[in-house]
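Trainee: This is the structure, below, for whatever I ask next.
The values are calculated or read from the model by the stated rules, or taken from the named source; none is laboratory data. Computed from a predicted structure; not experimentally measured. Glycine gets a Cβ as well: all are built from the backbone with ideal geometry, and neighbour counts include every protein chain shown. Heavy atoms of the whole protein, side chains included, go into the accessibility calculation; ligands, DNA and RNA do not. Shrake-Rupley method; radii C 1.70, N 1.55, O 1.52, S 1.80 Å.
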Amino acid sequence: MTQTQERRGQKDTTAAAPHVIVLFGATGDLARRKLLPGLFHLAISPFAPDIRVVGTSLEDLDNEQFRAVADKACHEFSTRKLDDDDWQSFHQNLVYVPQGKGPKALATAVQEKLKELGPDARLLHYLSVPPKAAVEVIQMLDDAGLVENSRVIMEKPFGTDLASAEALNAKIHETFAEEQIFRIDHFLGKEAALNILAFRFANGLFEPIWNRNFIDHIQIDVPEKLTLEGRAKFYESTGAFKDMVVTHLFQILGFVAMEPPTELGPAAISDEKNKVFRSMRPLDPRKVVRGQYKGYRDEPGVDPESETETFVALECFIDNWRWAGVPFYLRTGKSLAEGQRIISIAFHEPPKSMFPPGSGVGQQGPDHLTFDLADQSKVSLSFYGKRPGPGMKLDKLSLQFAMKETDHVGDVLEAYERLILDAMRGDHTLYTTAEGIERLWEVSQPLLEDPPPVRGYNVGTWGPNAIHQLIAPRAWRLPFERVWRGKS
Ligand code: BG6
């Protein structure tokens, strides 16, 4: 018995219906890194055991060449050990139709696969294509008669500003009904991001202090060591703000800042996130630092005079009763000193101190609650405690949780896997909405219209020097002064 058969033996009653997944951009970077390995993992899991993949892209490949691309991708990027039998069984369920062959050829391949899966089979299109190409692909699906009874996942960024996002929404609605559309933001599928909801709303301990009376400021910090990874064309027209902030960082901010939803369902969660976005103050370009790493302009495919930012840090505010006056600092960029994804909540310091000068009180910053959004999430609460011995010296201590210490670490679904599975089940809870996305473009408009000049920074640093002025008198949490426990 292969591992697949064994796993399928553990029949999961919530398994998704059999699905044909039409993957646009099937040979692109995202497909190779995440989507093909993710689909493979779902196919051998008990959650979605009957999957056929019809890959398509602008490249002129045949089935075997596409399978070779998928093979290489899964071996290179899968986070799990691959079993050869499992791989062989998935392999034969992959076919490829070059986009250039047109809608008819695509329809034929899809119908064939649907037939193989029987009358309950459903259709899911994954558009892993840049915003500009999305409309063309939607048209192709319409021409191929592949819209009815299907669902469509749209990749970010959704549009490039408010007008283009509105136009894209209007255009898609000519073909797909809203309930068929799944606008993905993979940060919302990260186990650690979902743990923010659990942490906030499954406990009575933290919610009472989750507001301006107790919190001084919040940082959402996602520095990356990665550079362009061969994505110059995409990145040149996107830049750090559109690639990461208006998408992932703002969505995470939504989870951190929202009011308790009435239920764990799509309407309730979206309502609360959208209320946060509606309360956001439009960005102030004077409170934004844009950077570009030195050497970016020499990268293959980059304009030698490029003004695209590879780094952005900004301050923003949510003007509601809970958060008035609490700054949120967001930062992300490429070629930085470390790859991290943290949310750091800094609490107010005590108003008075009985501890004498030299005791160490307050010397290592305020108390912090820190979420690490890495695939294996961690949470830490830091506080001052007494150093053992005579006198009263204080040290910064912490309570820490690491998912790897639980028995469930092997159950983690990678963000894309989780979200694709949700789309197969028709669950919109962790997907973004047209209203939310349009509002985020609206608050971004002042920055898009009047971006500050890009400042150079050295590879391997934390960005241009101006980041310190942006946050002063506070300080960036990263690099951490104390490492996470258990880190070797
Ligand atoms: C993608 C961006 O959406 O997210 C990339 O396009 C970025 O530029 C990536 O590197 C980061 O995602 P993760 O899950 O690796 O933190």
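Trainee: Considering only segment 159-180, I want to know if a residue exists there that is in contact with a His (Cβ under 7 Å, 6 or more places away or on another chain) and buried (at least 19 other Cβ atoms within 10 Å of the Cβ).
Mentor: The first filter runs over segment 159-180 and keeps only residues in contact with a His (Cβ under 7 Å, 6 or more places away or on another chain), leaving none.
Checked segment 159-180: no residue is in contact with a His (Cβ under 7 Å, 6 or more places away or on another chain) and buried (at least 19 other Cβ atoms within 10 Å of the Cβ).
Trainee: Which of the following residues is under 28 Å from Q139 (Cα atoms) and under 14 Å from the mean Cα position of the chain (by Cα): D221, D185?
Mentor: Within the list D221, D185, the selection yields D185.
Trainee: Are there any pairs with C-beta distances below 7 angstrom linking a residue in segment 29-43 that is within 16 Å of K156 (Cα to Cα) to a residue that is away from the ligand (no atom under 16 Å from the Cβ), with the two at least 6 apart or on different chains, and if so which?
Mentor: A31/L23; L35/L23
Trainee: What is the residue count in segment 376-393 for residues that are open to solvent by 70 Å² or more (accessible area, probe 1.4 Å) and closer than 30 Å to E414 by Cα?
Mentor: Total meeting the criteria: 1.
Trainee: Could I ask something else about it? Tell me which residues, restricted to segment 81-90, are touching a Phe, Trp or Tyr at 6+ places or on another chain (Cβ under 9 Å) and not acidic (D, E).
Mentor: L82, W87, F90
Trainee: Here is a check on your reading of the model: is E259 within 16 Å of the ligand (Cβ to nearest atom), of a type outside the set (V, I, T) and assigned to a loop (DSSP other than H, G, I, E, B)?
Mentor: No, not satisfied.
Trainee: Here's something else I'd like to know. How about segment 327-341: which of its residues are touching a helix residue (DSSP H, G or I) at 6+ places or on another chain (Cβ under 9 Å), more than 14 Å from the ligand (Cβ to nearest atom) and in a loop (DSSP other than H, G, I, E, B)?
Mentor: P327
Trainee: Considering only segment 156-192, state which residues are of a type in the set (V, I, T), in a loop (DSSP other than H, G, I, E, B) and out of contact with any Pro (no Cβ under 8 Å at 6 or more places or on another chain).
Mentor: Of all residues in segment 156-192, those of a type in the set (V, I, T) come to 160, 172, 175, 181, 184.
So of that shortlist, the ones also in a loop (DSSP other than H, G, I, E, B) come out as 160, 184.
Answer for segment 156-192, where residues must be of a type in the set (V, I, T), in a loop (DSSP other than H, G, I, E, B) and out of contact with any Pro (no Cβ under 8 Å at 6 or more places or on another chain): just I184.
Trainee: Okay, next question. Taking the stated definitions as given, is A240 open to solvent by less than 10 Å² (accessible area, probe 1.4 Å) and either β-branched (V, I, T) or within 10 Å of the ligand (Cβ to nearest atom) (or both)? Show your work before the answer.
Mentor: Numbers: open to solvent by less than 10 Å² (accessible area, probe 1.4 Å): yes; either β-branched (V, I, T) or within 10 Å of the ligand (Cβ to nearest atom) (or both): yes.
Here the answer is yes, as A240 does meet what is asked.
Trainee: Looking only at segment 429-452, filter to residues that are in a loop (DSSP other than H, G, I, E, B) and open to solvent by 30 Å² or more (accessible area, probe 1.4 Å); which one of those is nearest to I252 (Cα to Cα)?
Mentor: Out of the qualifying residues, it is T433.
Trainee: Pick out the one residue from G410, G360 that is more than 15 Å from D221 (Cβ to Cβ), at pLDDT below 95, surrounded by fewer than 19 Cβ atoms within 10 Å (Cβ to Cβ) and under 23 Å from the mean Cα position of the chain (by Cα).
Mentor: Residue meeting the stated conditions: G410.
Trainee: Could you please tell me which pairs satisfy a Cβ distance under 7 Å, a separation of 6+ or placement on different chains, a first residue in segment 212-236 that is open to solvent by 10 Å² or more (accessible area, probe 1.4 Å) and among the polar types (S, T, N, Q), and a second residue that is assigned to a loop (DSSP other than H, G, I, E, B) and within 10 Å of the ligand (Cβ to nearest atom)?
Mentor: T227/K334
Trainee: Modelled with pLDDT of 95 or more, in contact with a helix residue (DSSP H, G or I) (Cβ under 6 Å, 6 or more places away or on another chain), of a type in the set (V, I, T) and more than 16 Å from the ligand (Cβ to nearest atom): is that true of V246 in this structure?
Mentor: So V246 does not fit the description; no.
Trainee: If you check R322 against the conditions, is it more than 16 Å from the ligand (Cβ to nearest atom) and not small (G, A, S)? Quick ask: steps written out before the conclusion?
Mentor: Details: more than 16 Å from the ligand (Cβ to nearest atom): yes; not small (G, A, S): yes.
Criteria met by R322.
Trainee: Is it fair to say V147 is of a type in the set (V, I, T) and not in a loop (DSSP other than H, G, I, E, B)?
Mentor: No, not satisfied.
Trainee: Can I ask one more? Hey, among L226, L205, which residue is of a type in the set (A, V, I, L, M), out of contact with any Pro (no Cβ under 9 Å at 6 or more places or on another chain) and near the ligand (Cβ under 10 Å from one of its atoms)?
Mentor: The conditions single out L226.
Trainee: Identify all residues within segment 376-417 that are in a loop (DSSP other than H, G, I, E, B) and among the aliphatic types (A, V, I, L, M); write none if there are none.
Mentor: Taking segment 376-417 as the starting set, the residues that turn out to be in a loop (DSSP other than H, G, I, E, B) are 376-377, 387-393, 406-408, 412-414.
Once the filter is applied, which keeps residues that are in a loop (DSSP other than H, G, I, E, B) and among the aliphatic types (A, V, I, L, M), segment 376-417 yields M392, V412, L413.
Trainee: Moving on to the next point. Out of curiosity, is F347 over 18 Å from the mean Cα position of the chain (by Cα) and more than 22 Å from F241 (Cβ to Cβ)?
Mentor: Here the answer is yes, as F347 does meet what is asked.
Trainee: N195 fails exactly one of the following numbered conditions: (1) within 16 Å of the ligand (Cβ to nearest atom); (2) crowded, with 21+ Cβ neighbours inside 10 Å; (3) part of a helix (DSSP H, G or I). What is the number of that condition?
Mentor: Looking at each condition in turn, N195 falls short on (2).
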